[in-house]
Amino acid sequence: MSATSEQEANKASRHKVRQQKVKAAVDARIASAQIERGVLMVITGDGKGKTTGGFGTVARAVGHGQQAAVVQFIKGNWDCGERNLLENAGVPFAVMATGFTWETQDKEADTAAALATWQQAEAFMQDKRINLVLLDELTYMVSYHYLPLERVVEALENRPKHQHVIITGRNCHRQLIEMADTVSEVKCTKHAFNSGIAAQPGFDF
Ligand code: ATP
Ligand code: MG
């Protein structure tokens, strides 16, 4: 064997040993993660992808024949690609009828709409048949004081043991972040809107 091919062979065998160690460590961690229960996930931060991530998980659940439900806060009656698709796949949607708050400028009406939508969220979170509930843009209901935090916490704590819940929106309340099992913060490195590119159907909603 030439000096270079011997070096190559040594390199390959060192790589193999390293990979075996990595595999053993990963296998051990997989083996020790034995708990199966509903996960509370928060997707927050100011980058794009929070709602997309929530709906991606809804699609996953539906693809496994599971029941999912979606609650959309501050959506208004916009056309929503995910809704058009998922309602046809048997996913119930509860949509807050008012648009964005800076358009309505009516705190009383917004609070009433938030509470009415929240009641539908509570009904989903009491339903044992539902595996996953997406609470899209819920964080704003708490930060604008449309919904009492305690009521949200209580519903989350009392939900069926196997039920996953995903909360999306910017500036998630600290207490919800503490309660959650998985928290992802989407960071905005760039956004097309800031270069004058409009929100477009099929990509942004
Ligand atoms: P998406 O629904 O695309 O996953 P998101 O849920 O992370 O976005 P939201 O804050 O709910 O973000 O915003 C909804 C809309 O605002 C979308 O049309 C999205 O493209 C746009 N948007 C999201 N983040 C930003 C940003 N950092 N700057 C400008 N527009 C944004
Ligand atoms: Mg969103």
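For the pair A97/H145, report the inter-label distance in nm, with labels modelled 7 Å from Cα in the Cβ direction.
Spacing of the two 7 Å Cα→Cβ label points: 2.6 nm.
Quick one: which residues, 5+ away or cross-chain, put their amide H under 5 Å from the amide H of L40? H built at 1.01 Å from N.
Sorted by chain and number, the residues that satisfy this are V165, D181, T182.
Mind giving me the nanometre distance, one decimal, between the label points for E87 and S32, set 7 Å out from Cα along Cα→Cβ?
4.7
Kindly state, to the nearest 0.05, the FRET efficiency for E185 paired with S13, given R0 = 45 Å and r defined as their beta-carbon distance.
On the way: r = 41 Å, r/R0 = 0.90.
With R0 = 45 Å, the Cβ-Cβ based efficiency is 0.65.
Report the number of Lys pairs in the chain whose alpha-carbons are under 13 Å apart, with separation of 8 or more residues or on distinct chains.
Lysine pairs meeting the criterion: 4.
Can you bin the chain into rounded, prolate or oblate? Criterion: square roots of the alpha carbon gyration tensor eigenvalues sorted a ≥ b ≥ c, rounded for a/c under 1.5, prolate for a/b above b/c, oblate for the rest. Walk me through the numbers before you get to the answer.
On the way: a/c = 2.41, a/b = 1.81, b/c = 1.33.
It is prolate, given that a/c is not under 1.5 and a/b is the larger ratio.
Compute the helix-to-body angle for 107-125: its Cα long axis versus the longest principal axis of the chain, expressed 0 to 90° and rounded to tens.
That helix lies at roughly 50 degrees to the long axis.
Take N194, project a point 7 Å from its Cα along the Cβ direction, then tell me which residues of segment 140-173 have their backbone nitrogen under 18 Å from it.
The answer is 170-171, whose backbone nitrogens lie closer than 18 Å to the label point.
A short reminder: the numbers here are calculations on the coordinates, not readings from a lab. Predicted model, so just to flag it, every value in this text is computed and none were measured. No Cβ is skipped: glycine too gets one built from the backbone with ideal geometry, and neighbour counts run over all protein chains shown.
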